[in-house]
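Below is one structure, written out as structure tokens, with a few remarks after it.
The values are calculated or read from the model by the stated rules, or taken from the named source; none is laboratory data. Just so we're clear, the structure is a prediction, and the values are computed from it rather than from any experiment. Cβ coordinates were reconstructed from backbone atoms using ideal geometry, including for glycine residues, and neighbour counts include every protein chain displayed. For the accessible areas, the whole protein counts, side chains as well, though only heavy atoms, and no ligand, DNA or RNA atoms are used. Shrake-Rupley method; radii C 1.70, N 1.55, O 1.52, S 1.80 Å.
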Amino acid sequence: MAGVTLQNVTKRFGNVVAVNNATLEVKDREFIVLVGPSGCGKSTTLRMVAGLEEITEGTILIDDTVVNDVPPKDRDIAMVFQNYALYPHMDVYNNMAFGLKLRKFPKLQIDQRVKEAARLLGIENLLDRKPKALSGGQRQRVAVGRAIVREPKVFLMDEPLSNLDAKLRVQMRAELAKLHNRLQTTIIYVTHDQTEAMTMGDRIVVMRDGFIQQVGAPLEIYNEPNSVFVAGFIGSPAMNFMDVVVRKDGDNYIVDGGAFKLTIDPARAAQLRNLERYVNKEVIFGIRPEDIEDAELADEQLIDTSIMTATVDVTEPMGAEVFAYFSIANHSFVARLNPITTATPGQEHRVMLDMSKIHIFDKDTEAAIA
């Protein structure tokens, strides 16, 4: 297996910059996920690694070898696409074996690799079927199997689960994660789905408008987003954002939203070392829905300086939890509440915010205040 390195890689299509000065090191045997909205440059980045797109500027290395001018077939990579790209006239066995036959592998070795990949993926009983006789999940397994038999240095996966229904996506996420653990290979995976990124990747690369915004382990990015964009993109429902003014009351820092005033937990305020310079300035206050709970059901002692009374606009019962949408003055936010909550649309309700888990962002740059 091998690592992949991007050094100041840029891709332009005419005047459009699809990827802008991307630098990234993918470690050997790492499962790394490129995530971001449509048009952010993640698929273009993957295609440059594969050799399907020429690099405008920069350098790409696979296993410490510069591959800028190396044809795709000689890069020792295997790619799994969104649309499976199976040959409809071939059965599963021959779809998986096709690449090895082109490379003139011995028949016995081809047979061993195909059957081993089929066993790993649980499709041994499908080897004689044509693609039209397979479900979406089975076709996806065949596409993955075709890549596995190659035993490449790097697997590249471009939104391979996006055509599957919700239940099957959950199942295939787990299958791909288990497969990575078994094969111990390098995987670069592209998705627009932040849930896939959080549950599958060793590290996540968040992209926007061609730029890499943040790279880190899933929980690191979730708990310590470096910008409003990253904070809002990773997490479902998304982080709540409200425009507030930072005030000082003795040794305490306050977020003043006009209709509410909340005291920042002293330990959290100490972590925000640059908070002092934002006193009496407008900032963006962020808090995740799971860090807001029903004050009536709170386990801990109620702290008045962390309680807000807001109007319930909508509730969405999800079974194990309720998503409640609130408004107060010109602010709105969503909370993940206990399913036994009495929050009722059209009524005021008290909620308690965990002020030890808040985020503060610069109003102008939208960068996290640290």
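Total residues in region 25-42 satisfying the condition of being farther than 13 Å from GLY210 by Cα and not charged (D, E, K, R): the figure is 4. Quick check, is ILE204 under 10 Å from the mean Cα position of the chain (by Cα) and surrounded by 18 or more Cβ atoms within 10 Å (Cβ to Cβ)? When the stated conditions are applied, ILE204 passes them. Selection of first residues in region 324-336 that are under 12 Å from PHE241 (Cα atoms) and part of a strand (DSSP E or B) and of second residues that are among the basic types (Lys, Arg) and open to solvent by 20 Å² or more (accessible area, probe 1.4 Å), restricted to Cβ pairs under 8 Å at least 6 apart or on distinct chains, gives an empty result. Any idea which residue in region 61-83 is farthest from the chain's Cα centre (by Cα), counting only those that are within 19 Å of ARG146 (Cβ to Cβ) and crowded, with 20+ Cβ neighbours inside 10 Å? My answer is ARG75. For the condition among the acidic types (Asp, Glu), part of a loop (DSSP other than H, G, I, E, B) and open to solvent by 10 Å² or more (accessible area, probe 1.4 Å), ASP313 does not qualify. Of everything in region 343-368, what is part of a loop (DSSP other than H, G, I, E, B) and touching a His at 6+ places or on another chain (Cβ under 8 Å)? Give them in sequence order. Of everything in region 343-368, just one residue is part of a loop (DSSP other than H, G, I, E, B) and touching a His at 6+ places or on another chain (Cβ under 8 Å), namely ALA343. Just one of the listed residues (GLN140, GLN112) is among the polar types (S, T, N, Q) and open to solvent by 60 Å² or more (accessible area, probe 1.4 Å), namely GLN112.
Suppose we filter ILE254, ILE303 for residues that are at pLDDT 95 or above and open to solvent by 10 Å² or more (accessible area, probe 1.4 Å); which single one remains? Working first, answer last.
On the way: ILE303 fails: at pLDDT 95 or above.
Every option except ILE254 fails the conditions.
Only one of the numbered conditions (1) open to solvent by less than 20 Å² (accessible area, probe 1.4 Å); (2) more than 30 Å from ARG113 (Cα to Cα) is violated by THR191, and that is (2). Here is the figure for region 338-370: residues that are more than 19 Å from ARG268 (Cβ to Cβ) and within 24 Å of the chain's Cα centre (by Cα) total 2. Of all residues being assigned to a helix (DSSP H, G or I) and at pLDDT 95 or above in region 277-300, which is most open to solvent (accessible area, probe 1.4 Å)? Just the residue, please. Within region 277-300, the match that is most open to solvent (accessible area, probe 1.4 Å) is ARG277. Evaluating PHE98 against the criteria (1) within 32 Å of the chain's Cα centre (by Cα); (2) of a type outside the set (D, E, K, R); (3) part of a helix (DSSP H, G or I) leaves one unmet condition, (1). Scanning region 252-274 for residues that are polar (S, T, N, Q) and not in a loop (DSSP other than H, G, I, E, B) returns ASN252, THR263, GLN271. For the condition more than 19 Å from LEU179 (Cβ to Cβ) and crowded, with 18+ Cβ neighbours inside 10 Å, PRO131 qualifies. Every condition in (1) open to solvent by 10 Å² or more (accessible area, probe 1.4 Å); (2) more than 15 Å from LYS357 (Cβ to Cβ); (3) not polar (S, T, N, Q) is met by GLY216 except one, and the failing one is (1). Identification of helices (runs of 4 or more DSSP H) wholly contained in region 101-208 with 2 or more residues that are among the β-branched types (Val, Ile, Thr) yields 107-121, 136-148, 194-200.
For region 221-251, a residue qualifies if it is in a strand (DSSP E or B), more than 18 Å from PHE326 (Cβ to Cβ) and either open to solvent by 60 Å² or more (accessible area, probe 1.4 Å) or acidic (Asp, Glu) (or both), and the qualifying residues are ARG247, LYS248, ASP249.
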